[in-house]
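Here's the structure we're looking at; comments come further down.
The values are calculated or read from the model by the stated rules, or taken from the named source; none is laboratory data. All of these numbers come straight from a predicted model, not from anything done at the bench. Here the Cβ is made from the backbone with ideal geometry for all residues, glycine too, and neighbour counts use every protein chain on show.
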Amino acid sequence: MGLDTYAARSPDGGLTGDDVAAFEAAGIELCGGLYSDGVVSFRGKVYWEFILELTGESLTQEWIPPHTVALMASALDGCDPDTAVADLDLDVDTPTPDEIRELRRFFGLCRERGLGLVGWW
């Protein structure tokens, strides 16, 4: 699976110039892919199992609406980045505490701007 995950205003994608500027200003650094840049999008394949276990939502969905992304952001806010992987007892490649902090920032910015997520594979 080569899943990329994009912040978007609709299931058809798209961000405003202000959205892009907000992500660029935030300086978020996540794993990018061939088409995802790690700034307004990330390589979902790297984080999908962690996100699923923590939030109950799969990044493999074609569209995750803003209200669901906001709930996912709250779940990320509620976890301890230093113990989250151990707490979830994951046995696959897992994000580092710093990556979890970056995921928090990415999802928090989506929540703040009313953005959903588009999954593409």
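Conditions (1) surrounded by 17 or more Cβ atoms within 10 Å (Cβ to Cβ); (2) at pLDDT below 95; (3) within 19 Å of residue 30 (Cβ to Cβ), marked per residue:
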| residue | (1), (2), (3) |
| --- | --- |
| 55 | yes, no, yes |
| 65 | no, no, no |
| 77 | no, no, yes |
| 82 | no, yes, yes |
| 86 | no, yes, no |
| 93 | no, yes, yes |
| 96 | no, yes, yes |
| 102 | yes, no, yes |
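Among (1) assigned to a loop (DSSP other than H, G, I, E, B); (2) polar (S, T, N, Q); (3) farther than 18 Å from residue 2 by Cα, where does residue 68 come up short?
The number of the failed condition is (1).
Check the stretch 16-26 and report whether any residue there is modelled with pLDDT of 95 or more, outside any helix (DSSP H, G or I) and either in contact with a Cys (Cβ under 7 Å, 6 or more places away or on another chain) or of a type in the set (Asp, Glu) (or both).
No, the stretch 16-26 has no match at all.
Taking the options 60, 94, 55, 68, name whichever one is under 15 Å from the mean Cα position of the chain (by Cα) and touching a residue at least 60 places away in the same chain (Cβ under 8 Å).
Every option except 60 fails the conditions.
For the list (1) over 14 Å from residue 107 (Cα atoms); (2) under 11 Å from the mean Cα position of the chain (by Cα), I need the number of the one condition that residue 7 fails.
Condition (1) is where residue 7 drops out.
Given the criteria in a loop (DSSP other than H, G, I, E, B), among the acidic types (Asp, Glu) and touching a Gly at 6+ places or on another chain (Cβ under 9 Å), does residue 57 qualify?
The answer is no for residue 57.
Could you please give the count of residues in the stretch 75-91 that are assigned to a helix (DSSP H, G or I) and in contact (Cβ under 8 Å) with a residue 24 or more places away in the chain?
5
So is residue 47 out of contact with any Cys (no Cβ under 7 Å at 6 or more places or on another chain), part of a helix (DSSP H, G or I) and at pLDDT below 95 or not?
Answer is yes for this residue.
For the stretch 1-32, what are the residues that are within 21 Å of residue 50 (Cβ to Cβ) and β-branched (Val, Ile, Thr)?
Scanning the stretch 1-32 gives 5, 28.
If you go through the stretch 19-39 one residue at a time, how many are closer than 13 Å to residue 113 by Cα and either without any contact (Cβ under 8 Å) to a residue 40 or more places away in the chain or of a type in the set (Phe, Trp, Tyr) (or both)?
3
Quick one: would you say residue 73 is over 19 Å from residue 121 (Cβ atoms), among the hydrophobic types (A, V, I, L, M, F, W, C) and crowded, with 21+ Cβ neighbours inside 10 Å?
yes
All but one of (1) touching a residue at least 60 places away in the same chain (Cβ under 8 Å); (2) closer than 12 Å to residue 106 by Cα; (3) of a type in the set (A, V, I, L, M); (4) surrounded by 17 or more Cβ atoms within 10 Å (Cβ to Cβ) hold for residue 15; state the number of the condition that does not hold.
Status for residue 15: all satisfied but (2).
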